[in-house]
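J.: Quick one: the structure is below, and I'll ask about it shortly.
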Amino acid sequence: MTSDHITPGDGFVWVTAYPKSGSTWLRLALWSLKHGGAAPDFTVLDQGWLTMASNRALFDRSLGLDSAWLTDDEASSLRPAAFARRLTAEPGLHLHRTHETFTATPEGRPVFPAALTRGAVYLIRDPRDLAISNAHHWGLSIDAAIDFLAKPDAALDTGGDGLYGQLRQPLGSWSAHVDSWTATPLGFPVLIIRYEDMAADPHRAFARIAGFLGWPDDPATVAGAVTGTTFSRLQRREAETGFTNAAAPGRRFFRQGRAAGWRTALSPAQAARIGAAHGAAMARFGYR
């Protein structure tokens with residue numbers, strides 16, 4: 001379903017992207033847009049702004065159970081009910097971010113039910129740049145990151161020795177992830193934003209997003225969000241205070257943020273591998 005606005009009423013808006021597509025930048029920009037263009041600090045993320053849809057604590061609290069005793073399939077089956085319970089207990093509009101593919105429970109029901117959803121913002125980024133960014137973030141070789149982008153059963157599902165703070169998040173391959181959110185009607189409006197367009201003209205991108213959500217999109221608010229979330233500012237703040245989302249100590253989260261960096265970072269063979277695996281989805285969004 002295409003629309004210039006989310007649908008009215010109580011429900012959820014999913015802010016979704018494949019990992020390292022720019023969703024943290026977008027998350028900070030959304031906070032700024034919501035707060036009149038004020039400059040955000042990293043602390044707003046730690047305070048729960050745009051909590052993950054897969055957050056284990058929210059799931060447990062909504063259903064009154066301990067998900068540590070559930071299998072991944074059992075938890076997946078209960079997620080639509082958890083969202084429904086949450087909305088009953090806390091009516092209103094809830095924004096949550098997710099890296100998940102638009103997927104179904106083992107019984108075939110959408111994990112993100114259309115009846116509870118007011119819309120989604122899908123942020124997409126050139127997979128050739130994603131390979132570089134994910135290699136750095138996860139400490140992989142670029143070839144291993146390219147393999148991961150094509151992995152049909154890829155998922156974020158481990159937190160080490162302790163209980164992971166998120167439920168299992170299926171990703172699938174990059175192209176399957178993109179198609180799941182953009183190729184077929186989902187029963188609610190989806191606004192698609194290319195990372196490259198957001199980087200080239202953040203004023204226009206942020207104004208589109210604010211308008212889609214029904215928030216003020218006046219020039220002053222948008223300009224404040226742009227100024228408060230420039231990549232140089234985020235890099236400077238990370239250098240000063242650190243950033244909890246960094247994958248490992250000493251590994252920068254806000255590394256470069258530029259579009260088309262793959263042209264100098266990938267070999268022709270590596271770029272060709274990505275094109276062979278994801279060419280159809282890339283072509284749909286102008287990634288030539």
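The values are calculated or read from the model by the stated rules, or taken from the named source; none is laboratory data. This structure is a prediction, so every number in the text was calculated from the model and none was measured. Ideal geometry is used to build each Cβ from the backbone, glycine not excepted, and the neighbour counts take in all protein chains shown. For the accessible areas, the whole protein counts, side chains as well, though only heavy atoms, and no ligand, DNA or RNA atoms are used. Shrake-Rupley method; radii C 1.70, N 1.55, O 1.52, S 1.80 Å.
J.: How many of the residues in the range 113-145 are among the basic types (Lys, Arg) and within 16 Å of the chain's Cα centre (by Cα)?
T.: So the count comes out to 1.
J.: Just checking: which of the helices (runs of 4 or more DSSP H) contained wholly in the range 178-278 hold 2 or more residues that are of a type in the set (S, T, N, Q) and either modelled with pLDDT of 95 or more or open to solvent by 60 Å² or more (accessible area, probe 1.4 Å) (or both)?
T.: Helices (runs of 4 or more DSSP H) meeting the threshold: 219-228, 231-241.
J.: Check Asp153 against each of (1) charged (D, E, K, R); (2) outside any helix (DSSP H, G or I); (3) out of contact with any strand residue (DSSP E or B) (no Cβ under 9 Å at 6 or more places or on another chain) and name the one condition it does not meet.
T.: That leaves (3) as the condition not met.
J.: What pairs can you find where one residue is in the range 72-89 and among the hydrophobic types (A, V, I, L, M, F, W, C), the other is open to solvent by 60 Å² or more (accessible area, probe 1.4 Å) and at pLDDT 95 or above, and their Cβ atoms are less than 8 Å apart, with a gap of 6+ or different chains?
T.: These pairs meet every condition: Leu87/Asp10.
J.: Looking only at the range 84-112, how many residues end up being open to solvent by less than 30 Å² (accessible area, probe 1.4 Å), over 18 Å from the mean Cα position of the chain (by Cα) and of a type outside the set (Ser, Thr, Tyr)?
T.: Selection size over the range 84-112: 2.
J.: A further question follows. Looking at the range 126-150, which of its residues are closer than 20 Å to Ser180 by Cβ and in a loop (DSSP other than H, G, I, E, B)?
T.: Asp126, Ala150
J.: Could you pull out the residue among Ser21, Ser76 that is among the polar types (S, T, N, Q), open to solvent by less than 50 Å² (accessible area, probe 1.4 Å) and either at positive phi or assigned to a loop (DSSP other than H, G, I, E, B) (or both)?
T.: Ser21
J.: Six or more apart or on different chains, Cβ under 7 Å: which pairs go from a residue in the range 130-143 that's free of Cβ contacts under 8 Å to residues at least 12 places away in the same chain and over 10 Å from Trp262 (Cβ atoms) to one that's of a type in the set (Gly, Ala, Ser) and open to solvent by less than 30 Å² (accessible area, probe 1.4 Å)? Could you list them?
T.: Once the first residue is free of Cβ contacts under 8 Å to residues at least 12 places away in the same chain and over 10 Å from Trp262 (Cβ atoms) and sits in the range 130-143, its partners that are of a type in the set (Gly, Ala, Ser) and open to solvent by less than 30 Å² (accessible area, probe 1.4 Å) give Ala135/Ala145; Ser141/Ala135.
J.: Which residue out of Ser67, Ser32, Ser62 is of a type in the set (Gly, Ala, Ser), open to solvent by less than 40 Å² (accessible area, probe 1.4 Å) and without any contact (Cβ under 8 Å) to a residue 60 or more places away in the chain?
T.: Criteria check complete, one pass: Ser62.
J.: Moving on to the next point. Being modelled with pLDDT under 95 and surrounded by fewer than 14 Cβ atoms within 10 Å (Cβ to Cβ) narrows it down to one of Asp46, Asp41, so name that one.
T.: Asp46
J.: Can you tell me which residues in the range 24-57 are touching a helix residue (DSSP H, G or I) at 6+ places or on another chain (Cβ under 7 Å), assigned to a helix (DSSP H, G or I) and either over 18 Å from Tyr195 (Cβ atoms) or of a type in the set (Gly, Ala, Ser) (or both)?
T.: Hits for the range 24-57 are Ala29, Trp31, Ser32, Val44, Leu45, Arg56.
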